[in-house]
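The values are calculated or read from the model by the stated rules, or taken from the named source; none is laboratory data. The structure displayed is predicted, hence computed values, not measured ones. A quick note on method: Cβ atoms are made from the backbone with ideal geometry, for glycine too, and the neighbour counts reach across all protein chains shown.
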């Protein structure tokens with residue numbers, strides 16, 4: 001198994017574990033309905049992991065594009081990113097258990113022209129959905145999404161859901177002067193009886209993000225809103241020692 005695959009699997013397992021902890025803390029809130037509205041008249045409702053939206057629409061379009069932006073992609077981390085909360089490890093034996101030669105390989109990657117980032121898909125992928133990546137293109141280059149081969153980069157790339165994985169996805173950029181501007185899920189939705197109705201399922205109870213409805217042809221924004229999560233989590237204990245109560249908290 002290569003270092004890239006090993007690290008990627010570790011990231012996916014860690015993300016899934018975190019989602020499981022979140023589910024445990026908010027399970028009692030699963031039946032609670034939360035409603036939102038913004039000044040553009042989009043209404044959304046959360047019922048557990050199901051989020052539905054309704055938008056009255058009097059335009060002449062027969063269909064619109066609904067875009068779903070996850071808060072998890074506000075920053076899309078890079079392969080060699082290190083959390084500021086990571087412990088400082090001086091024990092070389094521990095380093096070797098984690099990944100032998102990692103620091104040396106990281107320095108080689110730092111000098112390389114390419115980088116690897118991990119956009120997150122924390123929504124269920126329904127039929128007809130696709131991933132859209134909008135790039136900030138500084139110079140001609142290539143991208144490789146989930147090891148499906150390198151392709152020439154353009155300002156907008158649309159990928160079918162068959163090429164997308166839940167949770168962590170791998171995206172190589174070469175050169176790394178190009179960057180990801182936006183990463184979101186997109187669906188074409190019919191306008192029926194003067195209304196846009198759409199629902200989607202999240203993979204986590206505490207999903208937050210944004211929803212946009214746009215003209216699929218002109219990309220003109222029709223309406224948008226943000227989705228919040230109102231459950232209050234218990235405060236993190238700052239005490240010391242191990243106890244059943246602190247572990248549960």
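When you look at residue 206, is it out of contact with any strand residue (DSSP E or B) (no Cβ under 8 Å at 6 or more places or on another chain), in contact (Cβ under 8 Å) with a residue 60 or more places away in the chain and in a loop (DSSP other than H, G, I, E, B), yes or no?
Criteria met by residue 206.
(1) over 19 Å from the mean Cα position of the chain (by Cα); (2) within 18 Å of residue 67 (Cβ to Cβ): which one isn't true of residue 119, the others all being true?
If we test residue 119 against (1) over 19 Å from the mean Cα position of the chain (by Cα); (2) within 18 Å of residue 67 (Cβ to Cβ), just (1) comes out false.
Collect the residues in segment 118-143 that are surrounded by 11 or more Cβ atoms within 10 Å (Cβ to Cβ) and over 30 Å from residue 46 (Cα atoms), keeping them in residue-number order.
Within segment 118-143, 135, 136, 137, 138, 141, 142, 143 qualify.
Quick check on my filter: what residues within segment 116-137 are assigned to a loop (DSSP other than H, G, I, E, B), more than 21 Å from residue 80 (Cα to Cα) and at pLDDT 95 or above?
Listed by number, the residues that qualify are 122, 124, 125, 129, 137.
For residue 64, state whether it is modelled with pLDDT of 60 or more and not in a loop (DSSP other than H, G, I, E, B).
yes
Could you go through segment 180-199 and let me know if any residue there is at positive phi and more than 22 Å from the chain's Cα centre (by Cα).
yes
May I ask you to list the residues in segment 190-211 that are under 21 Å from residue 133 (Cα atoms) and either at pLDDT below 95 or surrounded by fewer than 18 Cβ atoms within 10 Å (Cβ to Cβ) (or both)?
201, 208, 210 - these are the residues of segment 190-211 that are under 21 Å from residue 133 (Cα atoms) and either at pLDDT below 95 or surrounded by fewer than 18 Cβ atoms within 10 Å (Cβ to Cβ) (or both).
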